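Novice: Questions regarding the structure given below will be posed in turn.
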Amino acid sequence: MDVAVVFFDWVLILTSTYCLFRTYHRIVHLDHVSLGNYVLMVIWVFCCLPILLNYVIGMPTYDVVYWYKPFIVPMQDPTVCIIYDVMILVAVWSAYFYCNSFQKRNGRGKAEESARWGGTFFESPYATLVFVLLPYVYVLASGQASSFLTYGSFNTRGLQGDLSTVLTGLLLLSLIFFCNWFFRRERLSGWHALLLVLYTFTIVWLSGKRYIIALCGILYLYYFMERNPSERVRRRLGRVLPIALVALLGFSAYYLVAVRPLADTSSSSIYDMLRVDYGRDDVTKYVIYHELFLHDHILDYPGETFLSTFLIWVPRAIWPEKPFQHFQYLTSSILGLPIDRLPAGTTPCWYEMCIANFSWLGILVAWVLLVLFIRWSDRAGFVSTRAILLVLLIVLLTQSIDAYTAFVLLFLAQYVVAKLMDSTKSAQTVRRRRA
């Protein structure tokens with residue numbers, strides 16, 4: 001391996017791991033930290049850990065998942081590897097220093113006053129009950145409840161189309177409403193813990209996908225820390241979370257063997273699939289190689305999938321020429337197939353999406369916009385609003401946002417209603433003063 005690549009790889013590994021430990025300490029031991037701390041943990045898992053695994057286990061070969069063979073050349077190109085390392089390194093440091101400055105401005109206790117529980121829709125117990133139970137009611141009313149008696153993805157259950165799309169949105173809404181109701185309680189007893197376990201099990205079962213487990217973990221951690229637990233509880237939590245992460249990776253391997261079996265269940269093929277599922281270095285290096293060096297453009301014009309990502313809530317009936325989602329263009333480039341013939345999708349990443357949309361300028365766009373998004377999310381007044389924005393931040397980094405349209409619409413609706421409520425209160429205050 002090229003000496004320069006090894007040097008930059010290890011600079012990224014060591015620096016990002018240092019930031020990870022500092023970030024982890026802030027989340028566990030400090031009050032009301034920046035959402036950027038959670039983002040940094042996600043960046044490490046999806047963008048930095050794969051580089052470490054290249055040295056600990058080895059580079060993936062994609063022998064079984066052969067359709068990802070186009071990743072191999074970019075992942076072995078020295079210039080591409082160095083560009084990737086520097087880009088992620090600057091991204092990590094940018095977010096890390098922002099989180100430091102946030103903590104200095106909002107020390108222990110200062111930011112608690114601005115963060116409020118509830119807010120608009122979440123104040124109503126009736127709305128909470130309806131949205132929490134809605135996915136269960138939908139499954140029972142769909143006429144295909146028997147398909148959910150076995151655990152698996154929608155495809156393995158024989159469910160496709162509108163049912164799976166609607167159910168995914170309802171599960172996400174149920175999760176956010178449940179969290180806001182559950183964690184705002186003053187006391188949590190053993191019965192509440194049992195309820196949390198049962199609820200988590202049922203929505204994980206209904207979803208049949210691994211991402212819902214990780215999403216539950218992140219939201220539960222965020223909401224629990226917003227309760228400002230005691231230092232004793234924080235220390236216990238700090239010991240449990242790494243074990244939970246290892247357990248999630250272990251379940252992912254089991255999922256590939258038992259739930260979504262591969263043609264070859266050897267350790268090398270499972271490793272390849274885990275790298276595809278949890279690594280974003282491969283797609284990012286692929287786009288760097290094709291966009292910046294081969295000039296083999298993935299998109300038709302600059303900014304194309306930025307439009308489809310940030311305006312996803314606009315129906316295609318209103319905007320017939322709306323671009324497809326980014327993962328569709330990415331998968332089309334990798335497989336060499338037109339979008340209407342794609343058998344599945346490749347999971348995108350924020351960094352490669354910026355480069356695909358804006359070429360070299362996309363590297364700067366990725367750094368700046370991500371920090372601005374984090375800063376904007378930190379300024380949200382309600383705990384529930386920050387939770388929604390946290391999920392959307394993580395989705396931008398790791399997935400396609402199309403499955404999270406429900407969260408986008410919920411945030412927009414809550415934002416509009418909150419502004420109207422603030423305007424009404426301001427008008428009432430002015431009238432009282434005049435009176």
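The values are calculated or read from the model by the stated rules, or taken from the named source; none is laboratory data. None of the values given here were measured: they were computed from a predicted structure. Cβ placement follows ideal geometry from the backbone for every residue including glycine, while neighbour counts extend to all protein chains displayed. Accessible surface is based on the protein model in full, side chains and every heavy atom, while ligands, DNA and RNA are left aside. Shrake-Rupley method; radii C 1.70, N 1.55, O 1.52, S 1.80 Å.
Novice: Could you check, for segment 63-84, whether at least one of its residues is out of contact with any helix residue (DSSP H, G or I) (no Cβ under 7 Å at 6 or more places or on another chain) and on the phi > 0 side of the Ramachandran plot?
Specialist: Looking through segment 63-84, none of the residues is out of contact with any helix residue (DSSP H, G or I) (no Cβ under 7 Å at 6 or more places or on another chain) and on the phi > 0 side of the Ramachandran plot.
Novice: Still on this structure, I have one more. For segment 144-173, name all the residues that are among the small types (G, A, S) and either within 15 Å of I203 (Cα to Cα) or at pLDDT 80 or above (or both). Lay out the reasoning, then the answer.
Specialist: Of all residues in segment 144-173, those among the small types (G, A, S) come to 145-147, 152-153, 158, 161, 164, 169.
A145, S146, S147, G152, S153, S164, G169, listed by residue number.
Novice: Can you tell me which of L163, L170 is buried (at least 20 other Cβ atoms within 10 Å of the Cβ) and either part of a helix (DSSP H, G or I) or hydrophobic (A, V, I, L, M, F, W, C) (or both)?
Specialist: Numbers: L163 fails: buried (at least 20 other Cβ atoms within 10 Å of the Cβ).
Criteria check complete, one pass: L170.
Novice: Also, quick follow-up: Filter segment 329-362 down to the residues that are over 30 Å from L40 (Cβ atoms) and either in contact (Cβ under 8 Å) with a residue 60 or more places away in the chain or in a helix (DSSP H, G or I) (or both) and list them by number.
Specialist: S332, L335, I339, D340, R341
Novice: Between residues in segment 131-151 that are assigned to a helix (DSSP H, G or I) and residues that are open to solvent by 80 Å² or more (accessible area, probe 1.4 Å) and among the aromatic types (F, W, Y), which pairs lie under 8 Å by C-beta distance while being six or more apart or on different chains?
Specialist: Going by the 8 Å Cβ cut-off, the qualifying pairs are V132/W181.
Novice: Please tell me if I388 is within 19 Å of R280 (Cα to Cα) and in a helix (DSSP H, G or I). Working first, answer last.
Specialist: Numbers: within 19 Å of R280 (Cα to Cα): no; in a helix (DSSP H, G or I): yes.
Here the answer is no, as I388 does not meet what is asked.
Novice: Taking segment 366-395 as the search range and keeping residues that are open to solvent by less than 30 Å² (accessible area, probe 1.4 Å) and without any contact (Cβ under 8 Å) to a residue 60 or more places away in the chain, which one is farthest from the chain's Cα centre (by Cα)?
Specialist: Here is the first cut: in segment 366-395, the residues open to solvent by less than 30 Å² (accessible area, probe 1.4 Å) are 366, 370, 374, 377-378, 380-381, 383-395.
From what is left, the residues that are without any contact (Cβ under 8 Å) to a residue 60 or more places away in the chain are 380, 392, 395.
Working: A380: 18, L392: 6, V395: 3 Å.
Residue satisfying both the conditions and the ranking: A380.
Novice: Right, something else. Name the helices (runs of 4 or more DSSP H) wholly within segment 183-282 that hold at least 1 residues that are modelled with pLDDT of 85 or more?
Specialist: Per the criteria, 190-207, 211-226, 231-254.
Novice: Sticking with this structure for a sec: Filter segment 339-360 down to the residues that are open to solvent by 20 Å² or more (accessible area, probe 1.4 Å) and modelled with pLDDT of 90 or more, then identify the one that is farthest from K285 (Cα to Cα).
Specialist: Per the stated criteria, the residue is F358.
Novice: Among the candidates I334, I270, I363, I298, which residue alone is open to solvent by 10 Å² or more (accessible area, probe 1.4 Å), more than 22 Å from the chain's Cα centre (by Cα) and closer than 28 Å to I218 by Cα?
Specialist: Working: I334 fails: closer than 28 Å to I218 by Cα; I363 fails: more than 22 Å from the chain's Cα centre (by Cα); I298 fails: closer than 28 Å to I218 by Cα.
Going through I334, I270, I363, I298 in turn, just one is open to solvent by 10 Å² or more (accessible area, probe 1.4 Å), more than 22 Å from the chain's Cα centre (by Cα) and closer than 28 Å to I218 by Cα: I270.
Novice: Kindly indicate which of V5, V56 is under 30 Å from L335 (Cα atoms) and either in contact (Cβ under 8 Å) with a residue 24 or more places away in the chain or under 23 Å from the mean Cα position of the chain (by Cα) (or both). Give the derivation first.
Specialist: Details: V56 fails: either in contact (Cβ under 8 Å) with a residue 24 or more places away in the chain or under 23 Å from the mean Cα position of the chain (by Cα) (or both).
Going through V5, V56 in turn, just one is under 30 Å from L335 (Cα atoms) and either in contact (Cβ under 8 Å) with a residue 24 or more places away in the chain or under 23 Å from the mean Cα position of the chain (by Cα) (or both): V5.
Novice: Would you call G190 over 21 Å from H29 (Cα atoms), buried (at least 18 other Cβ atoms within 10 Å of the Cβ) and not β-branched (V, I, T)? I'd like the intermediate steps shown before the answer.
Specialist: Details: over 21 Å from H29 (Cα atoms): yes; buried (at least 18 other Cβ atoms within 10 Å of the Cβ): no; not β-branched (V, I, T): yes.
When the stated conditions are applied, G190 does not pass them.
Novice: Please determine, by comparing only the residues of segment 342-393 that are aromatic (F, W, Y) and in contact with a helix residue (DSSP H, G or I) (Cβ under 7 Å, 6 or more places away or on another chain), which one is farthest from F177 (Cα to Cα).
Specialist: Top of the filtered list is W360.
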